[in-house]
Amino acid sequence: SLLERIGGSAALKACVDDFYGRLLQEPSLQAYLEGVDLARLKAHQYNFMRIAFTKIPDGMDVVAAHARLFAKGLCETHFDLVAGHLVATMRDAGVAEKEIDEAVAII
């Protein structure tokens, strides 16, 4: 699975921790993270990626799941920033480009 190829659960947890550290430093994303229970969000993200990198979940409505953020102005520009931070996080963790491309396509 992709999860195994990126280094397993421990590597994914380390990536999620680093990823959110980067997102918290991104000025244009601050409004979307303000007042959020970061530990809960990181756990949710880890669980989502763990499942998605093992098998692609069926029936997921990303728009509905993020409706609150879209109402606050979340747009494609923000998604691109987040994806860029995910790519940088995975590169810094030593994940191969093939797996990074696969991860971004899934997410």
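The values are calculated or read from the model by the stated rules, or taken from the named source; none is laboratory data. Since the model is a prediction, treat every value here as computed from it, not as a measurement. When we count neighbours, we look across all protein chains shown, and the Cβ atoms used for this are built from the backbone with ideal geometry, even at glycine. The area values use the complete protein model at the heavy-atom level, side chains included, leaving out ligands, DNA and RNA. Shrake-Rupley method; radii C 1.70, N 1.55, O 1.52, S 1.80 Å.
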Inset, instruction - Examine the range 71-79 for a residue that is among the charged types (D, E, K, R), farther than 16 Å from Gln45 by Cα and open to solvent by 60 Å² or more (accessible area, probe 1.4 Å), and state whether such a residue exists. - result: yes
Legend entry - Selected residue (criterion: surrounded by the fewest Cβ atoms within 10 Å (Cβ to Cβ)) from residues of the range 7-50 that are more than 14 Å from the chain's Cα centre (by Cα) and farther than 24 Å from Leu74 by Cα: Ala10
Inset, instruction - Kindly indicate whether any position in the range 95-103 is open to solvent by 60 Å² or more (accessible area, probe 1.4 Å), within 15 Å of Arg5 (Cβ to Cβ) and either touching a residue at least 40 places away in the same chain (Cβ under 8 Å) or not in a helix (DSSP H, G or I) (or both). - result: yes
Legend entry - Conditions (1) in a helix (DSSP H, G or I); (2) at pLDDT below 95; number of the one not met by Gly35: (1)
Legend entry - Residues that are surrounded by 14 or more Cβ atoms within 10 Å (Cβ to Cβ) and assigned to a helix (DSSP H, G or I), drawn from the range 84-94: His85, Leu86, Val87, Ala88, Thr89, Met90
